[in-house]
1. When only the heavy atoms of the protein chains count and the probe is 1.4 Å, how do 247, 34 rank by accessible area, highest first?
2. Based on the alpha-carbon gyration tensor of the range 44-151 and its eigenvalue square roots a ≥ b ≥ c, which shape applies: rounded if a/c is under 1.5, prolate if not and a/b is larger than b/c, or oblate?
3. Within the chain, what whole-number % of the accessible surface is contributed by carbon and sulfur, with the 1.4 Å probe and all protein chains included in the calculation?
4. Cα gyration tensor of the range 1-99, axes a ≥ b ≥ c as square roots of the eigenvalues: rounded (a/c below 1.5), prolate (a/b > b/c) or oblate?
5. Between 225, 114, 316, where does the largest GNM mean-square fluctuation fall for the chain, given springs only between Cα atoms within less than 10 Å?
6. Give the shape of the range 65-113 as rounded, prolate or oblate, defined through the alpha-carbon gyration tensor: a ≥ b ≥ c are the square roots of its eigenvalues, a/c under 1.5 means rounded, and otherwise the shape is prolate if a/b is larger than b/c and oblate if not.
7. Quick one: putting +1 on the C-beta of Lys and Arg, -1 on the C-beta of Asp and Glu, what dipole do you get for the chain around its Cα centre, in Debye to the nearest 20?
8. If you take the charge dipole of the range 63-127 about its Cα centre, with +1 on Lys and Arg Cβ and -1 on Asp and Glu Cβ, which of 109, 81, 66 is farthest toward its positive end?
Amino acid sequence: MLKLTEYEQEMLDGKFGRYKQVAMEHIVEFANVMDAEELVEISKVHICAPVAPLEYGQSDDFDESFRRTYLWTKEPLKFEGYSHDVYVQTDGGAVDQYDPKPMYLPESLYEKNHAWERIFAQGGVSIVGSCTPYLNGWLPMRGETFMTTESSNVLFSNSVFGACGNANGTAACAWAAITGRGPKCGMHIPENRLATVEVKVECRCETPRDWDIMGYSLGRKIIQHNNAVPVVTGSFRKPDIIRLKRMFSAIATTSGLEMCHIEGVTPEAPSKDIALGGKKDYPVIHITQEDYDASEAMLCDEGCGPVQLISVGCPHYSLEEIRNAADYIRGKTVHEGVRLIFWTSSSIREAARLSGYLEAIEQAGAHIGTNGCPLVQGFECYRGVTGMAVDAAKQAHYNRSWLKGGKMYYGTMEQCVDAAVSGIWEGK
């Protein structure tokens, strides 16, 4: 039986208006489905907006679209914004913040997105448009509660920050942002956060790409264990934020994990025994070099071939990674007929502009794409593409289905830039 506080009951009874009441009705229904006994206060929400990736022009009326996509109601309610007690930041969206042309997106979508951004911003939303909100000021502390639409962010926030939250859909995140409440379930419950499986890393694990492939392998091998929470052990060097975000993005591609401890790295795993909560009997998974090699073969087609689209930056690049890309591409020129796009948030793009990195990248004929990636902006961008190169397991995994028989190549940032310059993927 779900227990509500006095304030929560007042929201449900409509004391604060029908708009908030509808959201609260959905939260209560959601909580009952999840067998939650109570609600938790949500302090941070990360959500897809303004034009939701699946919306794509279905309605030109903002309130109608918001009702359908976020409120799940046919009642003629108008958008009244989100709770001031919740910090809301946008996930990757349907169109670039600055230029829709590199993705072959219509100007009308670009203009619509900007118009709706202004409405969301007036309603209390910070317009960032990134799958890496923690690089842009969305920083939940240990024990702080959150909801997010981004599968890699839920892993990062639970595991690295020790915050408490679950991956949810766009509508559920909107209900939480309106009411400041969510069901107490999943990673909000301490015992659910304890590790249940040990994952021993025995493969190469040095570079960011290694951590990407290792994470992809981990997700592939752990899906046989229902509701697993792994603790990763091994003799690898302590990873930085770049390696961790690559790993978690790849894990989220091949599994539904929402938390992953790393012994001696993440805050709830100072040791394997503490992460496991004292368990003595638990399964052990080994990630071998053979597993690594098999994953790499799944992600990258063999041989060489022409490329027309290069997408780099998944999850979104940090300023450090943009700097490294600018340093590598400086003095080079992208081959005619090739699109090379480095993906990041608009805030990091602005820092890159101030630092001179944007100029170096654009002088080479490449672009800094913002507030999305081909997976949420790419309904049209694959036209004429017979070969695509990426530097992320997630992009290689999902974009393959869009290519309809085209070649998918997966490598380092440097290999991707080299392919963009020559027009040919050269292989290993």
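The values are calculated or read from the model by the stated rules, or taken from the named source; none is laboratory data. Model, not experiment: these values are computed from the prediction. Virtual Cβ from ideal backbone geometry, glycine too; neighbours counted across all protein chains shown. SASA here: full protein model, heavy atoms, side chains in, ligands and nucleic acids out. Shrake-Rupley method; radii C 1.70, N 1.55, O 1.52, S 1.80 Å.
1. Numbers: 247 0, 34 90 Å².
Reading off the accessible areas and sorting them downward yields 34, 247.
2. Working: a/c = 2.06, a/b = 1.21, b/c = 1.70.
Verdict is oblate for the range 44-151.
3. Numbers: 8900 of 17460 Å².
C and S atoms contribute 51 percent here.
4. On the way: a/c = 2.12, a/b = 1.70, b/c = 1.25.
Verdict is prolate for the range 1-99.
5. Top of the fluctuation ranking is 225.
6. Working: a/c = 3.16, a/b = 1.67, b/c = 1.89.
Since a/c reaches 1.5 but b/c is at least a/b, the shape of the range 65-113 is classed as oblate.
7. Numbers: 41 positive and 56 negative charges, 78 e Å.
The calculation lands at about 380 debye.
8. The residue sitting most towards the positive pole is 66.
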